[in-house]
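Working notes, beginning with the structure itself.
The values are calculated or read from the model by the stated rules, or taken from the named source; none is laboratory data. None of these values were measured; they are calculated from a predicted model. Positions of Cβ are backbone-derived with ideal geometry, glycine not excepted, and every protein chain shown enters the neighbour counts. SASA here: full protein model, heavy atoms, side chains in, ligands and nucleic acids out. Shrake-Rupley method; radii C 1.70, N 1.55, O 1.52, S 1.80 Å.
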Amino acid sequence: MEKILKGKPIASRIRKTIKELIVEHGLEPSMLLIQTGDDPASAYYVQNIISSGAKLGCKVELKNLPANLSAQDLKDVIAQANADPSIHGIMLQKPLPTQIPDAEAGTWIDPNKDIDSLNPTNLGKIILSMDSLLPCTPTAVLCTLRHYEIPVKGKHVLIIGRSSIVGKPLANMLLWKKPWADASVTVCHSRTENLNEMIQSADIVVAAIGVPNFVKADMIKKNAVLLDVGINEIINPDESQGYVGDIDYNSCFDKALAITPVPGGIGTVTTSLLFLNLLKASLAAKGTNKNIDDFLDLIFEEK
Ligand code: NAD
């Protein structure tokens, strides 16, 4: 097994399949990307999505809305996109302004166009192991495990973080009865007692907390696999800006069996999965319902 679990080869495999399927089915996938306000981190992600779309042959229409928009304004924009057959996917860039009820905004998106999996219908389907558009970051974790052929079945996977976009959906997906899941899952959070002892017992640790370098070598079991979802902006000693994960990469490297880097790990895979969802949605709009499993098999069974 490779020690450094880089995201780039996984993203390449996903993008290759997306491009092939677009040609095979004569698709013109099109998404509406809604940005509210001018948060600099959001602006970075938005540009990343636009350039990824251009490389894949997917149309990304950006709607930049003012930070002081009302909940009704946003609801109207989403309703218009829901009704527009030329738009196959809708992505609502977070964070939203405080006057917009975060969880409720996800319910405004048509579940069939919900390519970032914010709608409770899609999240509910995950609990029931039903086919749906999948949340990108948890799927990126599963794709990383699958690409690097890391055994998951029956293993103890411990997730630190219980957010609705990462920890909770990931826990449910890891429980799926699939050859590449079937794990025993523990979810920890900020109120967990004896967190260090719990992390010690895990074969695979997924950190999604947003605390720079939180997981140290003395917390993990020897030969644990470490998957770092965290992306934290830091200022280096030379005052340059940098990014680190929630896992202290340098301190954990020797003790771990394998570890994802930050940047260049899970985050690298996430955007390509947004476009996989868009592909699925645009194919469904043409009347062809392809199960997400079929897409993942296509991506990972081809060497
Ligand atoms: P969130 O703030 O919504 O949730 C954080 C979770 O961590 C909470 O459940 C909280 O209980 C837990 N937590 C916080 N401090 C803790 C502590 N000291 N001990 C134990 N648990 C603690 O965060 P989120 O949106 O899930 O994001 C988490 C991290 O993942 C952030 O760094 C974010 O930037 C990153 N992220 C990365 C991607 C990606 O594609 N790689 C996508 C989304 C989020």
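Of all the listed residues (113, 153), the sole one being touching a residue at least 12 places away in the same chain (Cβ under 8 Å) and surrounded by fewer than 17 Cβ atoms within 10 Å (Cβ to Cβ) is 153.
Residues that are over 11 Å from the mean Cα position of the chain (by Cα) and part of a helix (DSSP H, G or I) were ranked within the stretch 145-169; the one that is nearest to the ligand (Cβ to nearest atom) is 168.
Can you pull out every residue in the stretch 104-132 that is within 17 Å of residue 172 (Cα to Cα) and away from the ligand (no atom under 16 Å from the Cβ)? Break it down stepwise before answering.
To start, the set of residues in the stretch 104-132 that are within 17 Å of residue 172 (Cα to Cα) comprises 116-132.
Within the stretch 104-132, 119, 120, 121, 122, 124, 125, 127, 128, 129, 130, 131, 132 meet the criteria.
From 213, 172, grab the single residue that is open to solvent by less than 80 Å² (accessible area, probe 1.4 Å), within 15 Å of the ligand (Cβ to nearest atom) and assigned to a helix (DSSP H, G or I).
172
Scanning the stretch 232-280 for residues that are touching an Asp or Glu at 6+ places or on another chain (Cβ under 9 Å), open to solvent by 10 Å² or more (accessible area, probe 1.4 Å), within 11 Å of the ligand (Cβ to nearest atom) and assigned to a loop (DSSP other than H, G, I, E, B) returns a single hit, 262.
Is at least one residue of the stretch 281-288 farther than 27 Å from residue 226 by Cβ and of a type in the set (S, T, N, Q)? Break it down into steps so the answer makes sense when it comes.
Filtering the stretch 281-288 for residues farther than 27 Å from residue 226 by Cβ gives 281-288.
Add one more test, that the residue is of a type in the set (S, T, N, Q), and what stays is 282, 288.
Yes, there is a match, as at least one residue in the stretch 281-288 is farther than 27 Å from residue 226 by Cβ and of a type in the set (S, T, N, Q).
For the stretch 156-169, the set of residues classified as buried (at least 20 other Cβ atoms within 10 Å of the Cβ) and of a type in the set (Gly, Ala, Ser) consists of 161, 167, listed by residue number.
Residue 296 meets each of the listed conditions (1) within 16 Å of the ligand (Cβ to nearest atom); (2) among the hydrophobic types (A, V, I, L, M, F, W, C); (3) outside the structural domain of residue 164 (by TED's automatic domain parsing) apart from (1).
Residues that are within 11 Å of the ligand (Cβ to nearest atom), open to solvent by 30 Å² or more (accessible area, probe 1.4 Å) and not β-branched (Val, Ile, Thr) were ranked within the stretch 175-192; the one that is nearest to the chain's Cα centre (by Cα) is 189.
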